[in-house]
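Asks: Sharing a structure here in structure tokens format.
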There are 2 protein chains.
Amino acid sequence: MQLSQSEENYIKAIYALSEETGKEISTNDLAEKMATKASSVTDMLKKLTDKDLLKYKKYQGCTLTKNGREIALAIVRKHRLWEVFLVEKLQFGWDEVHAIAEQLEHIQSNQLTNKLEAFLGFPKVDPHGDPIPNINGEFDPSPKRVLLSKCEKGNKGIVMGVEDGEPSFLQYLNKIGFKLGLNIKVEDRLSFDGSLIIEMDGKTLQFSHLVASKIAIQLID
Amino acid sequence: MQLSQSEENYIKAIYALSEETGKEISTNDLAEKMATKASSVTDMLKKLTDKDLLKYKKYQGCTLTKNGREIALAIVRKHRLWEVFLVEKLQFGWDEVHAIAEQLEHIQSNQLTNKLEAFLGFPKVDPHGDPIPNINGEFDPSPKRVLLSKCEKGNKGIVMGVEDGEPSFLQYLNKIGFKLGLNIKVEDRLSFDGSLIIEMDGKTLQFSHLVASKIAIQLID
DNA sequence: TTTAAAATTTAGATATGTCTAAAAAATAAT
DNA sequence: ATTATTTTTTAGACATATCTAAATTTTAAA
């Protein structure tokens, strides 16, 4: 089935919200994610329901069907593979690739996606540490990740992922030398605003709760 | 200015027809090229005229403005660079890349185009021998090409280009071992249907006028 | 449990890109 | 120079994806 770019973006957004919440996605939440109005969302939910890509009952929110989930994973796969290409082959920074990958993820050709994957050496994660589903939509098993914002004083770990999408956030990480794979330690946690004092690469940094919630680590020791 | 995919496709089609004929492009010719109706074309011509991408007088056909030509060349540049990428890096055949490049040519990012060009080593021609404009829309000077269909008995030359777009034509060329760079000689020309007897790589082949009109050579001797 | 607030849907409007059918203009033929 | 034919344009319609404003349903509050 041939989907429009707009339909694909809805499917992707519903998938992303489902991953976060595990629950049914409300019209309003989806409208906010898509930067559009609830009434537009309702129309699209009906259309995608007719195409058997999601289950939707009036006033009850929606969830993806198996078909819908497969399509979402195919888009995520393309997005992340293209990000790897842009960073590894074209020397883009990790803060520059999201908007371009948002366009490239809609290119239709399974052969292209699979050849690109092979050309890149079957990468398992994108430049932000997000896992790349294989041709069957499956993720490799990987160590458990924890949001830095959930960590306690004394916790140590390795940086596994950072949130993709906001260039200014990633540029800030560049500025302080923050990269995937670094060892970090939570020196302290300020209870009143949830901000964290971090030791990394010999430097001491302070992260707001918001920043810490955009960083995932693998706990060690 | 941000153009829709449809607008870009019209600009590209007008550019291609202008290259062929050198004259103003008629509504009907454009409708045929775009596989649409004359009435749809008229609407689009008005819109593109308002955007100063072409000059158009009712019943008089249209030509691109400087702006329009620049956009056309940028699209052609992207199309051909992506074709090189698909063939050189992803191991696609020259018969498989046109449809994918038709999608990729609409990706918006000058930085992407320029980095891709560098990654590919600043190629001057695409896999079908079509020249690639540089960042300023300029073509490198190149030897004069002649359509094989215009050649006479006894002419010799090197294959410089083949028409892009129809997979079955390119697959036919694959089957007979026809490649860019080969030396060929016109052994004979059948006057009643314009078909040619060709010597190439020790083999003798017969090309219909239609096939010969899709092949460009550089004459030698 | 009735009312108030929030969330969601419906109805009607707009813009894009397309179509068909009919009208108008340009070109060719007699 | 009329007439006939072809080309092109206009007018009106449709589908998609969006919006605003109003109506409806659900949820929360009194």
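Quick note: the coordinates plus some simple rules give every number you see, no bench work behind them. The shown structure was predicted, so the numbers you read here are calculated from the model rather than taken from an experiment. Cβ placement follows ideal geometry from the backbone for every residue including glycine, while neighbour counts extend to all protein chains displayed.
Asks: Residues of segment B:100-132 being under 13 Å from the mean Cα position of the chain (by Cα) and within 12 Å of chain A (Cβ to nearest Cβ), which ones? Lay out the reasoning, then the answer.
Replies: Let us first name the residues in segment B:100-132 that are under 13 Å from the mean Cα position of the chain (by Cα), namely B:101-102, B:125-132.
B:A101, B:E102, listed by residue number.
Asks: Taking the residues in segment A:40-57 that are touching a helix residue (DSSP H, G or I) at 6+ places or on another chain (Cβ under 6 Å) and more than 9 Å from DNA strand C (Cβ to nearest atom) as candidates, determine which candidate is nearest to B:S4 (Cα to Cα).
Replies: A:M44
Asks: Would you call A:Q111 free of Cβ contacts under 8 Å to residues at least 24 places away in the same chain and either closer than 27 Å to B:G93 by Cβ or within 16 Å of DNA strand D (Cβ to nearest atom) (or both)?
Replies: It is true that A:Q111 is free of Cβ contacts under 8 Å to residues at least 24 places away in the same chain and either closer than 27 Å to B:G93 by Cβ or within 16 Å of DNA strand D (Cβ to nearest atom) (or both).
Asks: Run down A:E19, A:E8, A:E24, A:E32 and say which single residue is within 14 Å of chain B (Cβ to nearest Cβ) and either more than 7 Å from DNA strand D (Cβ to nearest atom) or within 19 Å of the chain's Cα centre (by Cα) (or both).
Replies: Values: A:E19 fails: within 14 Å of chain B (Cβ to nearest Cβ); A:E24 fails: within 14 Å of chain B (Cβ to nearest Cβ); A:E32 fails: within 14 Å of chain B (Cβ to nearest Cβ).
When all the criteria are applied, what remains is A:E8.
Asks: A further question on this structure: Of all the residues that make up segment B:99-128, how many are surrounded by 21 or more Cβ atoms within 10 Å (Cβ to Cβ) and under 18 Å from B:K179 (Cβ atoms)?
Replies: 3
Asks: Further question: Which pairs have Cβ atoms under 7 Å, sit 6 or more apart or on different chains, and link a residue in segment B:126-142 that is charged (D, E, K, R) to one that is part of a loop (DSSP other than H, G, I, E, B) and buried (at least 20 other Cβ atoms within 10 Å of the Cβ)?
Replies: Final answer for the pair search is B:D126/B:I132; B:D130/B:D164.
Asks: Residues of segment B:74-123 being part of a helix (DSSP H, G or I), among the β-branched types (V, I, T) and touching an Asp or Glu at 6+ places or on another chain (Cβ under 7 Å), which ones? Please lay out each step first, then the result.
Replies: Of all residues in segment B:74-123, those part of a helix (DSSP H, G or I) come to B:74-89, B:98-104, B:110-119.
When the remaining residues are screened for being among the β-branched types (V, I, T), the result is B:75-76, B:84, B:87, B:100, B:113.
Matches in segment B:74-123: B:I75, B:V84.
For (1) within 13 Å of A:T65 (Cα to Cα); (2) surrounded by 15 or more Cβ atoms within 10 Å (Cβ to Cβ), each residue gets a yes or a no:
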| position | (1), (2) |
| --- | --- |
| A:M1 | no, no |
| A:N9 | no, yes |
| A:Y15 | yes, yes |
| A:K23 | no, no |
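Asks: Return the residue satisfying two criteria in turn: it lies in segment B:58-88 and is within 14 Å of B:Y10 (Cα to Cα) and within 16 Å of DNA strand C (Cβ to nearest atom), and of such residues it is surrounded by the most Cβ atoms within 10 Å (Cβ to Cβ).
Replies: Looking at the filtered set, the residue picked out is B:C62.
Asks: Does A:D164 satisfy the criteria of being surrounded by 13 or more Cβ atoms within 10 Å (Cβ to Cβ) and in contact with a helix residue (DSSP H, G or I) (Cβ under 6 Å, 6 or more places away or on another chain)?
Replies: Values: surrounded by 13 or more Cβ atoms within 10 Å (Cβ to Cβ): yes; in contact with a helix residue (DSSP H, G or I) (Cβ under 6 Å, 6 or more places away or on another chain): yes.
So A:D164 fits the description; yes.
Asks: Only one of B:E96, B:E88 is touching a residue at least 12 places away in the same chain (Cβ under 8 Å) and more than 10 Å from chain A (Cβ to nearest Cβ). Can you tell me which?
Replies: Values: B:E96 fails: more than 10 Å from chain A (Cβ to nearest Cβ).
Just one listed residue meets the conditions, B:E88.
Asks: Go through segment A:45-73 and give me each residue that's within 18 Å of A:K23 (Cβ to Cβ) and over 25 Å from the mean Cα position of the chain (by Cα).
Replies: Across segment A:45-73, the qualifying residues are A:K57, A:K58, A:Y59, A:Q60.
Asks: Out of the residues in segment A:184-221 that are of a type in the set (S, T, Y) and touching a residue at least 12 places away in the same chain (Cβ under 8 Å), state the one that is farthest from A:N174 (Cα to Cα).
Replies: Here the answer is A:S195.
Asks: While we're on this one: Do we have any residue at all in segment B:28-39 that's more than 12 Å from DNA strand C (Cβ to nearest atom), free of Cβ contacts under 8 Å to residues at least 60 places away in the same chain, over 28 Å from A:S6 (Cβ atoms) and surrounded by fewer than 15 Cβ atoms within 10 Å (Cβ to Cβ)?
Replies: Looking through segment B:28-39, none of the residues is more than 12 Å from DNA strand C (Cβ to nearest atom), free of Cβ contacts under 8 Å to residues at least 60 places away in the same chain, over 28 Å from A:S6 (Cβ atoms) and surrounded by fewer than 15 Cβ atoms within 10 Å (Cβ to Cβ).
Asks: Additional query: Residue by residue through segment B:45-55, note down the ones that are within 16 Å of DNA strand D (Cβ to nearest atom) and either within 14 Å of chain A (Cβ to nearest Cβ) or surrounded by fewer than 20 Cβ atoms within 10 Å (Cβ to Cβ) (or both).
Replies: Hits for segment B:45-55 are B:K46, B:K47, B:T49, B:D50, B:K55.
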